[in-house]
Amino acid sequence: MNSMYFTEEHNLFRKSLQDFLNKEVVPNIEKWEKMGTIDRFIWKKFGDMGFFGINYPEAYGGMNLDLFYTVILLEELQKINSGGFAAAIWAHVYLAMTHLNAEGNEAIKQKYLVPSITGDKIGCLCITEPFGGSDVAGMRTTAVKEGDHYIINGSKTFITNGVYSDYLVVAAKTNPEIGNKGVSIFVIDRETEGVSATKLDKLGWRASDTGEIAFDNVKIPAANLMGEENKGFAYILQHFSLERLVMGVNAHARAEYALEYALQYMSDRQAFGKSIDEFQALRHNISDLYTEMEICKEFNYSVTHRLDKGEYVVKEASMSKLKSTKMADDVIYQCLQFLGGYGYMEEYPMARLLRDSRLGPIGGGTSEILREIIAKIVIDKKEYKPATS
């Protein structure tokens, strides 16, 4: 591995994670892909191994390690060929738990963050809405304060872990008249009256549950507000950098996995008296694809390093996701072609990889939205600043 970013301790962690995944996860992947849900026991095993707490404070059961441990977790999750399983894990750890840690008060952290780290509770982040899509500021879900409670009404969609999670981190408008400046963040127990979820049928990511969630006069204590009222949009923007970098890292990792698999297949596959990796057209195609993957990987590592040092990398993280997800789609499309007819068969990994990868340029901010964010920074000289230091 790249010694500029990865130490011997990182490499030992990677090996232990690989062993764990091969023993506990890989034997169950086909079942979970068919079921469309993940058995509960694996969450607790992840928690027992400390994988949910690698970058969270020791005070809550975490290990407070640097972000390159997170990179390792993301990369290895992509190499077991289940984008859905990987998404369920990282949506819990880096979407829901990120808000608990950053905006939750001590009581919320003890009630939700601690059991999230141990794997006893699973979370989801609810921002996207049926009519809003990438337009976060256009959300319609409302939270009206009545005494010492809030009443929440509205709906969310495309929520990973949206059906089987134990709690929901929810964005809602507490002051709709002032647009995105009137958004707040709440944590809601799954069993709260008025919360319902419908499972969605997806093209890929089939092991994970993705839900459409409805809130019908959901009454929650005012203490479930996270951070300051009407500061939610700024919190969301601040954490988008991590989410988009996560998806960029995921993309380079699955592209690398696809290339490694394709190279192995091509070395074994014989045509016209020689292995197909000896044909110049294929060799040069591989060279181009590998170059694109390595460039994205090195850029993603650089952005990770800057984010780990506390820099606000909204531009670079947006570039990471924009470029890496497009690259991964291109690489996997070509790798499927290298396998010929076998690439189209479900028993080979490329068909699932192709489906799972296609979500990359869509989820967590579409490529079109990311281009506009980058354009505002580069062309309009817009400056984005963190909500909290």
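The values are calculated or read from the model by the stated rules, or taken from the named source; none is laboratory data. All of these numbers come straight from a predicted model, not from anything done at the bench. Glycine gets a Cβ as well: all are built from the backbone with ideal geometry, and neighbour counts include every protein chain shown. Accessible surface is based on the protein model in full, side chains and every heavy atom, while ligands, DNA and RNA are left aside. Shrake-Rupley method; radii C 1.70, N 1.55, O 1.52, S 1.80 Å.
Structure notes:
- Residues of type lysines that K385 reaches as a straight line, Cα spacing below 18 Å, ignoring anything fewer than 8 places off in the same chain: K181, K231, K309, K315, K376
- From the coordinates shown, P(r) over Cα pairs in 20 Å bins from 0, in percent corresponds to which of (1) 28, 58, 13, 1; (2) 30, 54, 16, 0; (3) 16, 24, 19, 15, 10, 7, 4, 3, 1, 1, 0: (1)
- Pairwise FRET efficiency - D268 versus E311, Cβ, R0 = 30 Å, nearest 0.05: 0.10
- Sequence-separation-based contact order of segment 287-389, relative, with Cα cut under 8 Å and 6+ spacing, percent: 27
- Neighbour cut-off at most 12 other Cβ (10 Å), DSSP loop, trypsin sites (Lys or Arg not before Pro), segment 276-341: K309
- For segment 131-226, trypsin sites (Lys or Arg not before Pro) meeting the loop criterion (DSSP other than H, G, I, E, B) and having at most 14 other Cβ atoms within 10 Å: R140.
- Using C-alpha pairs under 8 Å with a sequence gap of at least 6, the mean separation divided by the residue count of segment 91-159 gives a relative contact order of 27 percent.
- Average accessible surface for the chain: 44 Å² per residue, computed with a 1.4 Å probe over protein heavy atoms with every protein chain in place.
- Cα long-axis angle, helix 280-308 against the chain (0 to 90 degrees, to the nearest 10): 30
- FRET E, pair K385, L12, Förster distance 35 Å, beta-carbon r, rounded to 0.05: 0.40
- Counting only protein heavy atoms and using a 1.4 Å probe, the accessible area of Y342 comes to about 110 Å².
- Cα long-axis angle, helix 314-338 against the chain (0 to 90 degrees, to the nearest 10): 40
- Largest mean-square fluctuation among A255, A328, A107, in a Gaussian network model of the chain whose springs join Cα atoms under 10 Å apart, belongs to A107.
- Neighbour cut-off at most 12 other Cβ (10 Å), DSSP loop, trypsin sites (Lys or Arg not before Pro), segment 223-273: none
- Inter-part distance where segment 171-227 and segment 241-310 are each reduced to a Cα centre, Å: 37
- Overall, the accessible surface of the chain at a probe of 1.4 angstrom is composed of carbon and sulfur to the extent of 52 percent.
- Cβ-Cβ FRET estimate between F20 and K219, R0 fixed at 56 Å, reported to 0.05: 0.85
- Simple spin-label estimate for F279 and D330 gives 2.2 nm between the two label positions (7 Å along the Cα-to-Cβ direction from each Cα).
- Relative contact order for segment 193-260, counting Cα pairs under 8 Å that sit 6 or more residues apart, in percent: 25
- Rounded to 10°, Cα long-axis angle of helix 67-78 versus longest principal axis of the chain: 60
- Helical content of the chain, expressed as a calculated mean residue ellipticity at 222 nm, amounts to -14500 deg cm²/dmol (DSSP H runs of 4 or more residues, -39,500 (n - 2.57) each, divided by residue number, nearest 500).
- Most simply put, the chain has about 85% antiparallel DSSP beta bridges, counting only bridges with both residues inside it.
- Residue among N11, P386, I188 farthest towards the positive dipole end of the chain, charges placed on Cβ: P386
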